[in-house]
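Below: the structure, in structure tokens.
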Amino acid sequence: MRLLQLFADSGPSIHVAPAGAFHLWGFTITNSILYGWMAAAAIIALLIMVARKVTVHPQGGFTQFIEAGAEFISGLVEGAFDDRKRGRKYVPFFVTLFFFILLNNWFGLIPGVGEAFHRGDNPILRPFTADLNGTFAIGIVTMITVYVASVRELGGLRKYFKHFFIGSIWNPLYLIIGLLEMLTDLTRVFSLSLRLFLNVTIGEIVIAVFSYLGHIAAPLTALPFTLIELFIGALQAYIFTVLSLMYLAIAVNHSHDHGEEDADEHFLTPEPTPAIKPARAKAA
Amino acid sequence: MDLFAVASSTAVLGKGLMIGLGFIGPAIGIGLIGGNYLKAVGRNPEAAKFFGQALVFVAIVELFGLLAFASTFIVK
């Protein structure tokens, strides 16, 4: 019975939401935004330092790593568009997005951040991406950029709304499909931010649970999960970048697949005969 | 006796079911993605370059399992 009571102990302290660290001019500064500022300052300083060190002759170490990552993402961005010149404009945004998320995820794994250091009941520092407010802000900024960029690339709001519809909007089927497409587009900001938030938070929770189970040997039991989180942090940064890139590339490339002037003619004019009808008649 | 009462409360049962059932679907989904990717590579080794896309789909599937896991913290 005593053994059972040991297992029924209070358990590790787990927080899904950020907690207020201190108050500043009437605002509550949460532990995640505090660490977000610190991480942002560190990222800016680090990347400026690396950018100064980059040379034509490749060097080893951290500079090489950042260079390889930037080259990988810029290749990805340029390859996603039909003509590479069109994609070049968006390289800086996506590379910044990738490194911001990647380094924020990794800074969250430094020992001492998260559930380790407490003041009262709450941890002092919390990774920025383990806060839904933070990831939602990243998602909103990303999706607004994607919307603005796709409207500008397509040349006008009318053409942008047209790309949701595969044919004339007077066809009820195409109308419903188009409206559903628009709805799906609006949910993307939630799916992007929730995915990043849940992955990082659950990683934090798993690390907290295993360091609690380890008791004295906590570093030993938490180490494998920290290594997995290192991988997952990179993977999530990659996925966030690739998905937002895909949303932009779909909107931009779509209009170039169909003949533009051809689709423009049929957009608002009634088109009662779908393409399937003659084929059916022939088969019958 | 007290411990038994805690363990058999409906919230604990609900959390257990939520985690268990919520992990089945994504596990099957990720297994299908990985299996089909390996099948494609086995047939045509050129397909190995689509590993990044396979990972993107893994992340999409994984979200639902994570949602189930996160929901367990809301249930009291």
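Just so you know, all these numbers are worked out from the coordinates, no wet-lab data involved. If you're wondering where the values come from, they're calculated on a predicted model, not measured in any experiment. Every residue, glycine as well, gets a Cβ built from its backbone with ideal geometry; the counts of neighbours run over all protein chains shown.
Worth a mention:
- Entries of A:Lys85/A:Lys162; A:Lys89/A:Lys159; A:Lys85/A:Lys159; A:Lys53/B:Lys49; A:Lys159/B:Lys49; A:Lys89/A:Lys162 with Cα pairs more than 30 Å apart: A:Lys53/B:Lys49; A:Lys159/B:Lys49
- Charged neighbours of A:Gln59, selected by a Cβ distance under 10 Å, balance to 0 (K, R count +1; D, E count -1).
- D_trans [Stokes-Einstein, Kirkwood Rh over alpha-carbon pairs] for region A:121-244, 10 °C, 1.306 mPa s, µm² s⁻¹: 92 µm²/s
- The convex hull of the Cα atoms of region B:2-71, projected and averaged over all directions, covers 5.5 nm².
- Order of A:Tyr147, B:Tyr37 - criterion: other Cβ atoms within 10 Å of each residue's Cβ, fewest first: A:Tyr147, B:Tyr37
- Mean separation of Cα contacts under 8 Å, 6 or more apart, over the residue count of region A:27-272: relative contact order %: 24 percent
- Ordering A:Ser244, B:Ser71, A:Ser32 by the number of other Cβ atoms within 10 Å of each residue's own Cβ, fewest first, gives B:Ser71, A:Ser244, A:Ser32.
- Whole-angstrom gap from region A:150-215 to region A:86-104, using each part's C-alpha centre: 19 Å
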